[in-house]
Amino acid sequence: MAGGVRRKSSGSQSALWGKLHTVWQDKYLVLFKTEYTLLVVSVLWFLEIGINVWVIQKVAYTEIDWKAYMDEVEGVINGTYDYTQLKGDTGPLVYPAGFVYIFTALYYITSHGVNIRLGQYIFAVFYLITLLLVFRIYYRTKKVPPYVFFFMCCASYRIHSIFVLRLFNDPVAMMLLFVAVNLFIDGYWTLGCGFYSLAVSVKMNVLLFAPGLLFLLLSEFGLIRTIPKLSLCAGIQLLLGLPFLLENPVGYMSRAFDLGRQFMFKWTVNWRFLPEWLFLNRYFHLLLLAAHLLTLLLFAFCHWKRPRESILELLKEPGKRKVPAQKNTVNQMVLILFTSNFIGMCFSRSLHYQFYVWYFHTLPYLLWSGGVKKLAHLLRVLILGLIELSPSPPTNGSSAALHICHAIILLCLWLAPPLPSAPAETQEQTAVKDKRQ
């Protein structure tokens, strides 16, 4: 018996050394083969712990919105539930109720917002959690070569700045969004919709994913079974906002979900090359909205739906469609969600410095999902670099370069061939899927 155990242990060690030997021999290919994604991202994630500690200790903190956040939630703590009366140094409170609850907790944890160093370490934890969630998505999709992940985390000064040097609320919203995406790709649609709604409750930009999510829900369930999931999203918003809705419903809705909010020209990153009067012009905003909606519809009709399938068929339950319903693959789900958000970024009325985190972690996936095979690795990395540098500080040239990069990515996504669907499900798989939903 003991000899058998020793032989088994010896065999396991031999297999491990054999694997390590193979990795050493293929050390250059480790950076290019997607099967080594888990190995590379594990090393990078632990490296990021040290990088975040170094940044917090050695790089000066920059005060932009943290004090304003603390002033805004302090108003709520003092008993003010009328959103029109809540404001900070940078202006009125314009975020939904989830923001208030999360930053109220941070207010108390950081000694009324005074212990900024502790706040930085909390945001470092948010960053590491976000990275884990993003890396898991890339590990599941196996679309991007591992070397790219270095540029997606360690090499990005801006993303570390947004998280741990400036303590914006945008990273919190995106962390919750990536929780939702992970749940979607695992088939936990109801729970995923709950986290998606929580992300929206922190910052409204997460609504840019909504068209893609709606398409996926209709594709998976049809209209009737989608309604409860949308109701859950709405119910969470109603529950979180209830104290403020009872006090001043119009004030809460107009401030927390102000779709017509006017941005200041001096902060814009993407439209710096325009004259200010045009940037502020409402007709220009309507033109951008029309282009946004048209592009979404074109992708939905021409890329997201399956060939020979009518868009109206999505309203029916999957079992009642003329073309037999097929399960969306992980790559299809991720591509639709990330593309939906990216289209919104392309036609945004204004992008500010911190808005970079809205799509930063999705850019490698979008670039390596494009349909232009001649777009070499070096050119893709160059596009990532240009987008990274565009707001530092924004100029007419950098603003135009950002739009050119966006246009290249969008064109490549348009030229990409449709992703293959998953094979038909067995009865066992369908039963498991129904339990998750």
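The values are calculated or read from the model by the stated rules, or taken from the named source; none is laboratory data. Bear in mind the structure is a predicted one, so any value in this text is a computation, not a measurement. We place every Cβ from the backbone using ideal geometry, glycine too, and count neighbours over all the protein chains shown. The area values use the complete protein model at the heavy-atom level, side chains included, leaving out ligands, DNA and RNA. Shrake-Rupley method; radii C 1.70, N 1.55, O 1.52, S 1.80 Å.
Computed 3J(HN,Hα) for region 403-416, one whole-Hz value per residue from the Karplus formula 6.51 cos²θ - 1.76 cosθ + 1.60 where θ = phi - 60°, is 5, 5, 4, 4, 5, 5, 5, 5, 5, 5, 5, 5, 7, 5, glycine and proline marked x. Rounded to the nearest 10 square angstrom, V30 shows an accessible area of 10 square angstrom against a 1.4 Å probe. Using a simple spin-label model with pseudo-atoms 7 Å out from Cα toward Cβ, T62 and L214 lie 3.6 nm apart. Over all alpha-carbon pairs in region 209-262, figure out the percentage whose distance exceeds 16 Å. So the portion of pairs separated by more than 16 Å is 55 percent. Report, please, the projected area of region 154-204 averaged over directions, based on the convex hull of its C-alpha atoms, in nm². For region 154-204, averaging the hull's shadow over all directions gives 4.0 nm². Taking all protein chains together and rolling a 1.4 Å probe, V43 ends up with roughly 90 Å² accessible.
The residues of the chain have, on average, 48 Å² of accessible surface per residue, using a 1.4 Å probe with all protein chains present.
Taking 0.890 mPa s as the viscosity and 25 °C as the temperature, the Stokes-Einstein diffusion coefficient of region 298-405 based on its alpha-carbon Kirkwood radius rounds to 151 µm²/s. Between the amide H of G88 and those of L93, distances stay under 5 Å, these residues lying 5 or more places away or on another chain, with hydrogens modeled in the peptide plane. Stokes-Einstein diffusion of region 227-299 at 37 °C, 0.692 mPa s viscosity, Kirkwood radius from Cα pairs, rounded to a whole number: 213 µm²/s. Surface composition of the chain: carbon and sulfur make up 68 percent of the accessible area, probe 1.4 Å. If the segment from T329 to R140 were pulled out straight at 0.36 nm per residue, it would be longer than the present Cα-Cα gap by 67.0 nm. Computed log10 I(q)/I(0) for region 60-173 at 0.10, 0.17, 0.20 Å⁻¹: -0.36, -0.84, -1.04, from the Debye equation with unit scatterers placed on every C-alpha and solvent omitted.
Stretched out straight at 0.36 nm per residue, the stretch from D258 to A400 would grow longer than its current Cα-Cα span by 48.4 nm.
Of the cross-linked pairs K67/K266; K87/K203; K229/K316; K87/K266, those separated by over 19 Å at the C-alpha level are K67/K266; K87/K266.
Relative to the globular-protein estimate of 2.2 N^0.38 Å, the Cα radius of gyration of region 251-363 stands at 1.36. Put the Cα centre of region 38-97 next to the Cα centre of region 210-232 and the gap is 32 Å. For a label point 7 angstrom out from the Cα of L415 toward its Cβ, which stretches of region 275-304 have the backbone nitrogen within less than 19 Å? Under cut-off, by backbone N: 299, 302-304. In terms of overall dimensions, the C-alpha atoms belonging to the chain reach 75, 59, 49 Å along their principal axes, ordered largest to smallest. Only DSSP H runs of four or more residues enter the estimate; each adds -39500 (n - 2.57), and after division by the residues of the chain the mean residue ellipticity at 222 nm equals -20000 deg cm²/dmol. The residues K305, K266, K322, K316, sorted by heavy-atom accessible surface at 1.4 Å with ligands and nucleic acids left out, run K322, K266, K316, K305 from largest to smallest.
For F257, the solvent-accessible surface with a 1.4 Å probe is about 50 Å², rounded to the nearest 10.
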